[in-house]
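All remarks here apply to the structure that follows.
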Amino acid sequence: MEVSPSLLAANFANLTPDIEMINSSESDYLHLDVMDGVFVPNISFGFPVLGSVSKICRKPLDVHLMIVEPDKWISQVRDLGAEIMNVHYEACTHLHSVVSRIHQAGMKAGVTLNPATPVSLLSDIIEDVDLVLLMSVNPGFGGQKFIPNTLKKTKELLNLIKSSNSKAKIEIDGGVNETTGAALKEAGADILVAGSYVFGAQNPHERISLLKNL
Ligand code: DX5
Ligand code: ZN
């Protein structure tokens, strides 16, 4: 299992120790949640903060844009050196074009689905994306309860990927812990995002390791 700890649950008054913890951990990525107060009812952090974080983080950056018109920010995300740029299906009228432009910028393209958006809507884009991020909570806040229907969606997505020429990875975001993580592994998840489960722990390294070895 790959693990992408979400910085949303870190100490915003002093990010350096939390990023150093990530650097020295077994995590595969650092997940960065950008919110605009329009697409989701919250505002997290923007490019000035991401720029500083990217300078000290040695893990690949997994950027999750919970914003309207995410295509306006492709070059800024590229300039961070991000590995993955995740855009919401619900925020892109011309998704095929956005995915192509993310690829042209040299990044992996991820498409994110809100809990009520069906996996079947991806059938005509699945071969073009590197990753699908399924929201297992309504986006905007950390520390929410996992929505069990995500397990069914994960299996449906795995079937869609297998029945096409897609090499897309399946990433899940929201309410991940060792219990939901184990069920998600069983359902076919490749990458688990975890915010409060990792940063809210006495021993974050242990939690990352636990998810990695599910
Ligand atoms: C929520 C964000 C998540 C969030 C997950 O909108 O996309 O990445 O940090 O937090 P937890 O793991 O606490 O549910
Ligand atoms: Zn996220």
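Structural remarks
- Remark: the F47-K185 segment gains 46.4 nm on full extension, using 0.36 nm per residue and subtracting the alpha carbon distance.
- Projected label points at H96 and D124, each 7 Å from Cα along the beta carbon direction, are separated by 0.7 nanometres.
- For the chain: relative contact order, % (alpha-carbon pairs under 8 angstrom, 6 or more apart): 22 percent
- Among 7-15, 132-140, the order from most to least packed when residues are scored by Cβ within 10 Å on average: 132-140, 7-15
- Listed peptides 102-111, 38-47 by packing density, highest first (mean Cβ within 10 Å): 102-111, 38-47
- Using a cut-off of 28 Å between Cα atoms, the listed pairs K59/K185; K59/K152; K55/K167; K72/K185; K108/K153 include K59/K152; K55/K167; K72/K185 as exceeding that distance.
- Over the stretch 1-102, volume per residue of the alpha carbon convex hull, in Å³: 105 Å³
- Sorting D128, D62, D79, D28 by solvent-accessible area of protein heavy atoms yields D79, D128, D28, D62, largest first, with a 1.4 Å probe.
- Environment charge of G181, counting only residues whose C-beta is closer than 13 Å and scoring Lys/Arg +1, Asp/Glu -1: -3
- Taking only the C-alpha atoms of the chain, Rg followed by Dmax gives 15.8, 46 Å.
- The accessible-area ordering, largest first, of the residues E26, E206, E186, E83 stands as E186, E206, E26, E83, per a 1.4 angstrom probe.
- Put a dot 7 Å past the Cα of K55, heading toward its Cβ, do the same for S163, and the two dots end up 5.0 nm apart.
The values are calculated or read from the model by the stated rules, or taken from the named source; none is laboratory data. Every value quoted in this text rests on a predicted model; they were computed, and no experiment measured them. So basically every Cβ, Gly included, is an ideal-geometry build from the backbone, and we count neighbours across all protein chains shown. In case anyone asks, the SASA skips ligands and DNA or RNA and just uses the protein heavy atoms, side chains included. Shrake-Rupley method; radii C 1.70, N 1.55, O 1.52, S 1.80 Å.
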